[in-house]
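One structure, as structure tokens, below. Some questions next.
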Amino acid sequence: MYIQYTMDQLYLPMDLEEDIPENHLVRVVNEAVNRLDDSIFTAAYPGGGRNSYHPKMLTKIIYAYTQRIYSSRQIAKAVRENIMFMWIAGRQRPDFRTINRFRSERMKDVLEFVFTGVLQMLIDAKYVELEHYFMDGTKIEANANRYTFVWGKAVVKHKAKLQEKVHTLFETIEQAEQQEEQDQQGRDLPELGEASTLTSEKLELATRELEARLKETPKDKPLKKAVRTLRRDLLPRLQKYEHHQEILGERNSYSKTDPDATFMRMKEDHMRNGQLKPGYNVQIGTENQFIVGYSLHQRPTDTRTLKPHLEQIKAQLGRLPGTVIADAGYGSEENYAYLENEQVEAVVKYGTYHKEKSKAWQKDISKVDNWQYEKETDTWTCAAGQKLTFLRESCEKTESGYEIHKRHYRSANCAGCPLKPSCTKAAGNREIQVSLN
């Protein structure tokens, strides 16, 4: 006996919700998006034209990402064929162009608000309390040509050579005019200033002046050749280098096919045979296994990303976490000072934390950490018993402008010390610099 099977039997419209388990992830996505305020999407829809699909429905079908479906065509197919997608889309069927336009254009402007809204739901439900914030980063390769790179040092080098070449050209023009003694009125060449301060704007004005002078003396072949060189070669190249520097900003490199991407060393395999590829440094913070914050950075190292990442969290949620937990990649005096000023407890190792725990480090007499400091006399005592007295104080600035104050100490006489070969390679007396912050 078989259960009756008839494909032609007529059914009333079925309720898709009956086939969805009570604790299914699609229900969580549906509830989370329903709790978002409709005003979040207002800015992305200026109005006019025919009616649009509701942005909440389009946001819900991004549930596809949790199923590892990222293609807009595959998402559109799932909306037509998959019960979970059919239910969450209310049986509406946006095509792949609509889905792609929504997530690439509309969603881009409201993504932060959607993320914050979902996060607020987790906070209200006590899943997230911003007490222990675990932070880490990963590098993601950009969808860009890895061979279309621009290096900042190369741009600076070529620009400096070009500036010198322009000055040499103008000196040649001036010498030619003095030899021919054709300029009876004593007209001077345009003033360019120092080579290092030459800009494309100055060179453009100077080229125009020379072009105006050439109209008065069209038979001046050296001047004609110089103007042609400036207009067709030197000026466009200087403009190109300035354009590169404008895109670079404080970075060392960028990709021509994705100017926002910076070349970073990626970890390819277990042997760490990495390659320089265009990418982004993505910082993520979690609590109770929920992603609480994320930020995108153009710097390959994690050290300079902690402060801007936490500032973004503070702007989104109104306050900082109580405790930040991160690895040694974030350990720096600047980061420690920032967390202390913000009254955030830091569980962040510094770079040499594990090395200092080794026996080799603790027995190394050259390490200042193994010496004794006397606060009353402000002196350091080395392994040989020599006292290093205060010499001077210096101040260094990081790229972000943070000032690191260091105190320098020097020994009175290291000559004849039997421990000197193990203590320092310097020819004279031992000098150390210490930051006591």
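Take Glu399, project a point 7 Å from its Cα along the Cβ direction, then tell me which residues of segment 280-324 have their backbone nitrogen under 20 Å from it.
So the set is 280-284, 295-312.
Another question, if that's okay. With unit charges on the beta carbon (Lys/Arg positive, Asp/Glu negative), name the residue among Thr305, Gln92, Thr207 whose Cα is farthest towards the positive pole of the charge dipole of the chain.
Thr207
Got a sec to turn the phi values of segment 152-162 into Karplus ³J(HN,Hα) couplings, 6.51 cos²θ - 1.76 cosθ + 1.60 with θ = phi - 60°, whole Hz, x for Gly and Pro?
Result, rounded to whole Hz: x, 5, 5, 5, 4, 5, 5, 5, 4, 5, 5.
Okay, next question. Plugging the Kirkwood radius over Cα pairs into Stokes-Einstein for the chain, at a temperature of 25 °C and a viscosity of 0.890 mPa s, what D comes out in µm²/s?
Approximately 84 µm²/s, per Stokes-Einstein.
Quick check on segment 360-434: what does the Kirkwood estimate of hydrodynamic radius come out to from the alpha carbon pairs, in Å? Before the final figure, lay out the partial values.
Values: mean 1/r = 0.0744 Å⁻¹.
This gives a value of 13.4 Å.
Next up: Out of every Cα pair in segment 270-351, what percent are spaced more than 18 Å from each other?
Values: 1509 of 3321 pairs.
In whole percent, the share of Cα-Cα pairs in segment 270-351 beyond 18 Å is 45.
Tell me, how many Å apart are the Cα centres for segment 85-136 and for segment 202-227?
About 60 Å separates the Cα centre of segment 85-136 from the one of segment 202-227.
Would you please give the FRET efficiency between Met14 and Ile291, computed as 1/(1 + (r/R0)^6) with r the Cβ-Cβ distance and R0 = 51 Å, to the nearest 0.05? Mind dumping the intermediate values first?
On the way: r = 36 Å, r/R0 = 0.70.
The calculated FRET efficiency here is 0.90.
Checking the cross-link filter: which lysines have an alpha carbon closer than 20 Å to that of Lys349, excluding same-chain neighbours under 8 positions apart?
Straight-line reach from Lys349, under 20 Å: Lys307, Lys357, Lys359, Lys367.
Could you tell me the distance between the Cα centroids of segment 1-63 and segment 421-435, to the nearest Å?
Spelled out, the Cα-based centre of one part sits 71 Å from the other.
Scan segment 253-344 for GluC sites (Glu not before Pro) in coil per DSSP, keeping those whose Cβ has at most 12 other Cβ atoms within 10 Å, and list them by number.
Glu268
Also, quick follow-up: Loop-only GluC sites (Glu not before Pro) in segment 219-258, please: DSSP not H, G, I, E or B, and at most 15 other Cβ atoms within 10 Å. List each step's numbers first, then the result.
Numbers: sites: Glu242, Glu246, Glu250; in loops: Glu250.
Passing sites in segment 219-258 are Glu250.
How do Cys395, Cys423 line up, fewest other C-beta atoms within 10 Å first?
On the way: Cys395 8, Cys423 20.
Going from least to most buried by this count: Cys395, Cys423.
No value in this document is a laboratory result; all are computed from the given coordinates. Keep in mind the model is a prediction, meaning the values are calculated, not measured. Please note: Cβ atoms are built from the backbone with ideal geometry, for glycine as well, and neighbour counts cover all protein chains shown.
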